[in-house]
Amino acid sequence: MSGTGRRVHAAGAVLALAAMALSACGNDLAALKLTMASGVEKGVYNRLSAALADAWTEHVGIEHPQVTVTKGSIDNLERLRAGQANVGFSQADAAERAAESDEPGKHKLYALARMHDDYLQVVVRDDLVVNRLVDLKGLRVSIGSESSGVRLIADRLLKSAGISPDTDLRVQHLDLNEASDAMMAGTLDAFIWSGGLPTQRVTQLAQTVKVKMLDLSDVLPELRKQYPVYGSATLPASAYSLPGKAVTTLVVRNFLLVNDLMSDEAAEALVDGLFKAQPRLEAASFAARSIEVRAAIETTPIPLHPGALRYYRDTKV
């Protein structure tokens, strides 16, 4: 296909998505067709997206959404803003940065709900003498794939701690599954991951390789001073049945997002279906247990979609 042909094909795909989203007016939700940007395979985003797709088909009565594996938050945001996806997950920090961008021709982002919180997990082989972030210097470390929210957090964390990925680390850019495989193969010493607790792939790794989580209490104050979007929390050793005590780490909120092509009626119905799907979501990932209707409106700096806002007002949140 020529370059012109590819561009015409891509433009046609975007217009088709727009038509699908806009066609769900009034009560004609059966016409709604969704593409969901879901994150890496077997990650929490991916598992929740699959569960939501099933639930929305059952509770909202729409055609089963297409769940697309992506590289993570940044990839998801790019697809939403380009009109290549209708629904997607993102960390709050990546969404905040995307919303501040004024690129022409990009769609505006709206939130349906605040979802679970992600915990930053610095996973290290237990046989290495590594107790603090600075001890990673000289080691083989993955800081996330290029278009992931993990990469964004890792870059900010390392910079605030005075660590250069280019000169201080033997850096790799792997997604969660690639990093886990590399650690099991003995070709990676540590990786940085941001995800809900527990993340299934990390659980599987910890059952195969002896690993530990780094405590970040010495570097978090400076990072949070620069980026108030982040919080801190305790990551219990029991999350992955690890020996030792709990560690202090960074947390970031997750949002379920759409773009300005989504009708009010569709957005309201999807939020209603989201909360009806709570048992299904919890079965897909333990992280979904923290999803709660009163906390769901806390999506600043991303505005709630007008249809989502109508749902919360009717629910008297």
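The values are calculated or read from the model by the stated rules, or taken from the named source; none is laboratory data. Only a predicted model underlies this, so the values are computations on that prediction, with no experimental measurement involved. Positions of Cβ are generated from backbone atoms using ideal geometry, with glycine treated the same way; all protein chains shown enter the neighbour counts. All accessible areas refer to the heavy atoms of the entire protein, side chains included, with ligands and DNA or RNA removed. Shrake-Rupley method; radii C 1.70, N 1.55, O 1.52, S 1.80 Å.
Some observations on this one:
- Residues in region 92-104 that are open to solvent by 80 Å² or more (accessible area, probe 1.4 Å) and either at positive phi or free of Cβ contacts under 8 Å to residues at least 40 places away in the same chain (or both): 100, 102, 103, 104.
- For residue 239, the criteria (1) open to solvent by less than 70 Å² (accessible area, probe 1.4 Å); (2) closer than 28 Å to residue 288 by Cβ; (3) in a loop (DSSP other than H, G, I, E, B); (4) of a type outside the set (Phe, Trp, Tyr) hold in every case but one, which is (3).
- Applying the set (1) within 21 Å of the chain's Cα centre (by Cα); (2) surrounded by fewer than 22 Cβ atoms within 10 Å (Cβ to Cβ) to residue 316 leaves exactly one unmet item: (1).
- So residue 81, is it touching a Phe, Trp or Tyr at 6+ places or on another chain (Cβ under 7 Å) and open to solvent by 10 Å² or more (accessible area, probe 1.4 Å): no
- One residue from 102, 75, 93 being among the acidic types (Asp, Glu) and under 23 Å from residue 219 (Cβ atoms): 93
- Residue pairs whose Cβ atoms lie under 6 Å apart, sitting 6 or more positions apart in sequence or on different chains, and linking a residue in region 300-315 that is at pLDDT 95 or above to a partner that is in a helix (DSSP H, G or I) and β-branched (Val, Ile, Thr), are 308/271; 311/271; 312/297.
- Taking every residue in region 174-200 that is crowded, with 17+ Cβ neighbours inside 10 Å and part of a helix (DSSP H, G or I) and pairing it with any residue that is basic (Lys, Arg) and modelled with pLDDT under 95, at least 6 positions away or on another chain, the pairs with Cβ-Cβ distances below 6 Å are 176/201; 180/201; 200/42.
- In the condition set (1) within 22 Å of the chain's Cα centre (by Cα); (2) open to solvent by 50 Å² or more (accessible area, probe 1.4 Å), residue 270 is compliant with all but (2).
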